[in-house]
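Trainee: A single structure is presented below for examination.
All of the numbers you see were taken from the coordinates with simple rules; none came from a lab. Note that the coordinates shown come from a computational prediction; the quantities given were computed from them, not determined experimentally. All Cβ positions, glycine included, derive from the backbone under ideal geometry; neighbour counts span all protein chains shown.
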């Protein structure tokens with residue numbers, strides 16, 4: 001996902017040399033069928049030549065991402081608006097890009113007008129993805145306010161796991177999760193987690209990258225100074241969380257999911 005984000009950053013900075021380096025030499029770009037020049041464009045030179053021609057039609061343009069990145073193995077989807085001004089009316093093109101990343105470079109990417117169609121190509125269902133992401137967002141909205149009281153989101157037989165850190169463990173069921181959650185929160189003063197990013201892994205899993213801010217009751221040490229960049233993985237079914245895994249080590253979470261850091 002970081003490669004795709006960096007490609008958009010390079011585009012918006014006007015750094016086309018850096019963007020070129022992010023493409024595999026044999027990259028393929030497939031536009032939508034009614035694109036002015038639908039392609040496909042094969043090879044780094046062909047793709048960059050097309051980009052140069054398209055950018056030349058505007059005085060200025062930029063890409064605004066309007067959805068979270070959705071990961072599935074080596075593929076990433078994101079919804080965006082491509083805005084351009086000059087040489088006529090202002091342009092606002094909304095579409096979804098689906099990327100395949102291999103060995104740290106973009107190997108293939110395709111455009112879709114319909115976001116649901118892009119998710120279908122990714123092997124996901126739009127409604128399930130949206131509902132799962134909305135549920136996890138609502139949970140973190142409460143937690144970031146310091147409110148951990150709600151449990152309606154949890155399946156009665158939920159698995160709650162702390163995968164690493166000072167006190168790893170696992171608990172089952174609502175009562176078990178409540179016990180583990182109390183033990184976890186009780187170890188800290190003023191514990192807060194701030195979301196850096198939500199990632200949809202598939203239509204049953206959501207990854208959340210977080211930065212923890214807390215102070216240990218015994219040591220008084222500020223956890224943020226320890227560079228605690230963690231992650232949580234939620235497994236969902238029928239609008240309930242069936243498995244909730246907390247990682248103190250973000251890299252371990254990404255490795256367990258088969259994702260790049």
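Trainee: If I build a Gaussian network model for the chain, linking alpha-carbon pairs within less than 10 angstrom, which residue out of 64, 159, 90 has the largest mean-square fluctuation?
Mentor: Maximum fluctuation in the GNM of the chain, among the listed residues, is at 90.
Trainee: Among rounded, prolate and oblate, which fits the stretch 2-121 when a ≥ b ≥ c are the square roots of the eigenvalues of its C-alpha gyration tensor, a/c under 1.5 means rounded, and a/b larger than b/c means prolate?
Mentor: rounded
Trainee: Let me ask something else about it. Write down the percent of antiparallel bridges among all DSSP beta bridges whose residues are both part of the chain, to the nearest 5.
Mentor: DSSP beta bridges in the chain are roughly 85 percent antiparallel.
Trainee: How do the peptides 204-211, 131-138 rank, highest first, by the average count of neighbouring beta carbon atoms within 10 Å per residue?
Mentor: Top of the packing list down: 204-211, 131-138.
Trainee: Right, something else. For percent of Cα pairs over 29 Å apart, pick the label among [x] 40; [y] 36; [z] 49 that corresponds to the value derived from the coordinates.
Mentor: Among [x] 40; [y] 36; [z] 49, the one calculated here is [x].
Trainee: Taking 1 over the mean of 1/r across every pair of different Cα atoms in the stretch 126-256, what Kirkwood radius in Å do you get?
Mentor: Computed over Cα pairs of the stretch 126-256, the Kirkwood hydrodynamic radius comes out at 15.0 Å.
Trainee: For the stretch 98-187, calculate the relative contact order in percent as a whole number, restricting contacts to Cα pairs under 8 Å that are 6 or more residues apart.
Mentor: Normalised by residue count, the contact order of the stretch 98-187 is 13 percent.
Trainee: When ranked by the protection proxy of mean other Cβ atoms within 10 Å per residue, highest first, what sequence do the peptides 245-257, 44-56, 146-158 form?
Mentor: 245-257, 44-56, 146-158
Trainee: At 222 nm, what helix-only mean residue ellipticity would the chain give, in deg cm²/dmol to the nearest 500, using -39500 (n - 2.57) for each DSSP H run of four or more?
Mentor: Per the formula, -9000 deg cm²/dmol.
Trainee: Report, in degrees rounded to the nearest 10, the 0 to 90 angle that the Cα long axis of helix 44-55 makes with the longest principal axis of the chain.
Mentor: 80
Trainee: By how many degrees, between 0 and 90 and to the nearest 10, does the Cα long axis of helix 173-186 differ from the longest principal axis of the chain?
Mentor: Taking the Cα atoms of the chain, the angle to 173-186 is about 90 degrees.
Trainee: Over what distance in Å are the Cα centres of the stretch 87-123 and the stretch 36-81 separated?
Mentor: 7
Trainee: Could you work out the relative contact order of the chain? I mean the mean sequence separation of Cα pairs under 8 Å and 6+ apart, divided by the number of residues, in percent.
Mentor: Relative contact order, the chain: 14 percent.
Trainee: Based on alpha-carbon centroids, what's the gap between the stretch 149-202 and the stretch 17-33 in Å, whole number please?
Mentor: 41
Trainee: Take residue 90, project a point 7 Å from its Cα along the Cβ direction, then tell me which residues of the stretch 6-38 have their backbone nitrogen under 12 Å from it.
Mentor: none
Trainee: For helix 126-144, what angle does its Cα long axis make with the longest principal axis of the chain, in degrees from 0 to 90 and rounded to 10?
Mentor: It is inclined by approximately 50 degrees.
Trainee: Also: Build a GNM of the chain with springs between Cα atoms under 10 Å: which of 202, 34, 71 gets the top mean-square fluctuation?
Mentor: Of 202, 34, 71, the Gaussian network model singles out 34 as fluctuating most.
Trainee: For the stretch 126-256, what does the relative contact order come out to in percent, with C-alpha contacts under 8 Å and a separation of six or more?
Mentor: Reported as a whole number, the value is 26 percent.
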